[in-house]
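K.L.:
Okay, here's the structure, questions in a sec.
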Amino acid sequence: MRAEGEALSEDSDGTARDSSPSASEMPARRPAWEVLLPEEGATEDMAAFLAGFLLPGDLVALSGGLGAGKTTLARALIRELAGDPDLEVPSPTFTLMQPYESRTGQAVIHADLYRLRGPDELIELGFDELAETAITLVEWPERLGPRDNEILSVDLSLRAEYGEGARLVRIDGTAGMRERLDRARAVRALIARTGWDEADRVPMQGDASSRAYERLVKPDGETAVLMIAPPRPDGPPVKDGKPYSAIVKLAESIHAFVGMDRALCGVGISAPRILGENLKAGLLILEDLGAEPVVENGAPRPERYAEAVRLLAKLHATDLPDRVPVAEGIEHVLPPYDLEALLFEAELMPEWYAPAIRSTQLPAEARRDFLSLWSDALRDLLTERPTWTLRDYHSPNLIWLPAREGLERVGVIDFQDAVMGHPAYDVASLLQDARVDCSADFELRLLGLYIRERRARDPGFDLQAFARSYAVLAAQRATKILGIFARLDKRDGKPGYLAHLPRIEGYLARNLAHPALGALRAWHETRLPSLVNPAAS
């Protein structure tokens, strides 16, 4: 299938440029996008392109004189949305509105308001209520009056000088719609420039972030992954005038992923090769590492986890820079995983988990004590030599590559939030996987493997210091995740993460048994006793 049709051009000179600006870099108002559609096939390609970024609640305003092609484009759009190229799509000139259903079960409304007698007639038809949740295509939209929907404006005009049936289409939209339009154009240009324009685009399951992924599948079966990660806008300030992402050191743009990807590949780690990029728009086409997991039936596969542990031992024994190249003249600086970030993450537990899950509103004094105790536990760790800390080094982001050899069999993804931190953090991330049951015995065996591998590469490796750091950072990570998963449920409406809480609670109780965390365990026994001692609940 053609991505959006060969008749579309990205620029007036017909070239597909790698300069599409990101939303944050766009001027307040850009000129409408004009494209010549020389024949009906080009109109169908345009419909396929537009359908690709329409969402429920959107309104497509189709303007133009009689015979300009509004109904032709609407028919092609509806067939594309419905996934049925032979669908009967009569003109709603006399019925005013005609409902359809998209391939995903979403309502699609086609309205022709040429014969509308007045706004009251729309109320009688229930237009406003339907348009709130449907994708609505409207011919003669000037009769609607002001709307709150995101609007895609499509104006068509006949251009006989370019041939019979040729049309010029001018496309614009409200701010949010224009952002989607420009991003879709940048995606189309990138996949065409890299030779993937004949590929089908299949949405992939995302994660808890705002990034989106699609698998590109060519007719011959070759695949790649399209990553859509526009620059992250700053959120509201949450502390000292800084947004959450700045405090906890989350990547603000795709530059972090690109820099870390190339750096990991440079030290022999199987990160996905970058096949195409548009850094300004936040777009990448990546090597598809597949989907072979390191777990089976919800449990770790020991030999695969062992290789993942060996990979960390090799990485942590290597002197690694805190700056990595992204492109010519551009570097990404890995931020330090400092005390401010670690404490702010830990505080998510009393802020979200305690009230939402344990029905406990902790007084200010208890929260101050909590942060003071964590500060004491973490401070010594920050003096040790830092390394690349990937932060999400766990089963969902590890892919087994059986065709490769040695440590290259461990494929690694989702590392854009890497920081310079303590090596114990990623070991804990793997061996206390939030989504996989890792028994204490299994964890201890693989910790022993990590220690042997580190000692073989670094004779000065300090076992006792590492064991203490591991317990502290594993506890910090479990504390943070309890808060994040509670927040995903309470604030973001994603209750699926709550299923993992008992596992993480068990990890936290296990970690708090370490002598270095005795004061924090005592705090939990006083303030949240059922968390560390289920018998108390």
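The values are calculated or read from the model by the stated rules, or taken from the named source; none is laboratory data. No experiment lies behind these values; they were computed from the predicted model shown. So basically every Cβ, Gly included, is an ideal-geometry build from the backbone, and we count neighbours across all protein chains shown. For the accessible areas, the whole protein counts, side chains as well, though only heavy atoms, and no ligand, DNA or RNA atoms are used. Shrake-Rupley method; radii C 1.70, N 1.55, O 1.52, S 1.80 Å.
K.L.:
Only helical DSSP H runs with n ≥ 4 go in: add -39500 (n - 2.57) per run for the chain, normalise by residue count and round the 222 nm mean residue ellipticity to 500 deg cm²/dmol.
P.N.:
Values: 17 runs with 195 residues, N = 537.
After summing the helix terms and dividing by residue count, I get -11000 deg cm²/dmol.
K.L.:
What does the convex hull of the alpha-carbon atoms of the chain project to on average, in nm²? Let's see the in-between values first.
P.N.:
Values: hull surface 116.6 nm².
For the chain, averaging the hull's shadow over all directions gives 29.2 nm².
K.L.:
Counting only heavy atoms of protein chains, what accessible area per residue, in Å², does the chain have with a probe of 1.4 Å?
P.N.:
Details: 24160 Å² over 537 residues.
Here the residues of the chain average 45 Å² of exposed surface.
K.L.:
Quick check: Cα centre of region 244-279 to Cα centre of region 91-134, how many Å?
P.N.:
What the calculation gives is 45 Å, centre to centre.
K.L.:
In sequence order, what are the phi-derived ³J(HN,Hα) couplings for region 269-283 according to the Karplus relation 6.51 cos²θ - 1.76 cosθ + 1.60 with θ = phi - 60°, rounded to whole Hz, with x for glycine and proline?
P.N.:
9, 7, 7, x, 5, 8, 9, x, 8, 9, 5, 5, 8, x, 10
K.L.:
Additional query: Post the alpha-carbon centroid distance, region 478-497 to region 373-404, in whole angstrom.
P.N.:
21 Å
K.L.:
For the chain, what's the relative contact order in percent, using C-alpha pairs closer than 8 Å and at least 6 residues apart? Mind dumping the intermediate values first?
P.N.:
Values: 914 pairs, mean separation 64.1, N = 537.
This gives 12 percent for the chain.
K.L.:
Ranked from highest to lowest mean number of other Cβ atoms within 10 Å per residue, what is the order of the peptides 45-55, 496-506?
P.N.:
On the way: 45-55: 20.2, 496-506: 15.7.
So the order, starting with the most tightly packed, is 45-55, 496-506.
K.L.:
Something else now. Once neighbouring chains are kept in place and the probe is 1.4 Å, which whole percent of the accessible area of region 268-365 is contributed by carbon and sulfur?
P.N.:
Values: 2010 of 4140 Å².
Carbon plus sulfur share of accessible area: 48 percent.
K.L.:
Something else: How large a share of the accessible area of region 58-181, in percent, is made up of carbon and sulfur atoms when the probe is 1.4 Å and the other protein chains stay in place? Walk me through the numbers on the way to the answer.
P.N.:
On the way: 3030 of 6180 Å².
Taking all protein chains in place, region 58-181 shows 49 percent carbon and sulfur surface.
K.L.:
Rounded to the nearest 10 Å², what accessible area does residue 88 show when all protein chains are kept and the probe is 1.4 Å?
P.N.:
150 Å²
K.L.:
Give me the number: length gained by fully extending residue 403 to residue 106, i.e. 0.36 nm times residue separation minus the C-alpha to C-alpha distance, one decimal in nm.
P.N.:
Values: separation 297, 0.36 × 297 = 106.92 nm, distance 4.15 nm.
Answer, rounded to one decimal: 102.8 nm.
K.L.:
Dividing the Cα radius of gyration by the Kirkwood radius, what Rg/Rh value follows for region 151-199?
P.N.:
When Rh is taken as the Kirkwood radius, the ratio is 1.11.
K.L.:
Over region 472-537, consider all pairs of different Cα atoms and compute the Kirkwood hydrodynamic radius from their mean reciprocal separation; express it in Å, one decimal.
P.N.:
Details: mean 1/r = 0.0814 Å⁻¹.
About 12.3 Å, per the Kirkwood formula over Cα pairs.
K.L.:
Mind checking region 99-165 for chymotrypsin sites (Phe, Trp or Tyr not before Pro) that DSSP puts in a loop (not H, G, I, E or B) and that have at most 15 other Cβ atoms within 10 Å? The partial results should precede the final answer.
P.N.:
Numbers: sites: 100, 114, 127, 162; in loops: 114.
For chymotrypsin sites (Phe, Trp or Tyr not before Pro) across region 99-165 that sit outside H, G, I, E and B with at most 15 neighbouring Cβ atoms in 10 Å, the list reads 114.
K.L.:
Using only the alpha-carbon atoms, how far is helix 364-379 inclined from the longest principal axis of the chain? Give it as 0 to 90 degrees, nearest 10.
P.N.:
It is inclined by approximately 70 degrees.
K.L.:
Using Cα atoms only, what is the angle between the long axis of helix 440-457 and the major principal axis of the chain, expressed in degrees (0 to 90) to the nearest 10?
P.N.:
Between helix and principal axis, roughly 80 degrees.
K.L.:
Please compute the volume of the convex hull spanned by the alpha-carbon atoms of region 353-422 and report it per residue in Å³. Write out the running numbers ahead of the final one.
P.N.:
Values: hull volume 10.0 nm³, N = 70.
Convex hull of Cα atoms, per residue: 143 Å³.
K.L.:
Still on this structure, I have one more. Output ³J(HN,Hα) for region 515-522: one whole-Hz value per residue in order, computed from phi by the Karplus curve 6.51 cos²θ - 1.76 cosθ + 1.60 with θ = phi - 60°, and x for Gly and Pro.
P.N.:
The phi angles translate into x, 5, 10, x, 5, 5, 4, 4 Hz.
K.L.:
Note the angle between two axes, namely the Cα long axis of helix 70-82 and the longest principal axis of the Cα atoms of the chain, as a number of degrees from 0 to 90, rounded to the nearest 10.
P.N.:
Taking the Cα atoms of the chain, the angle to 70-82 is about 30 degrees.
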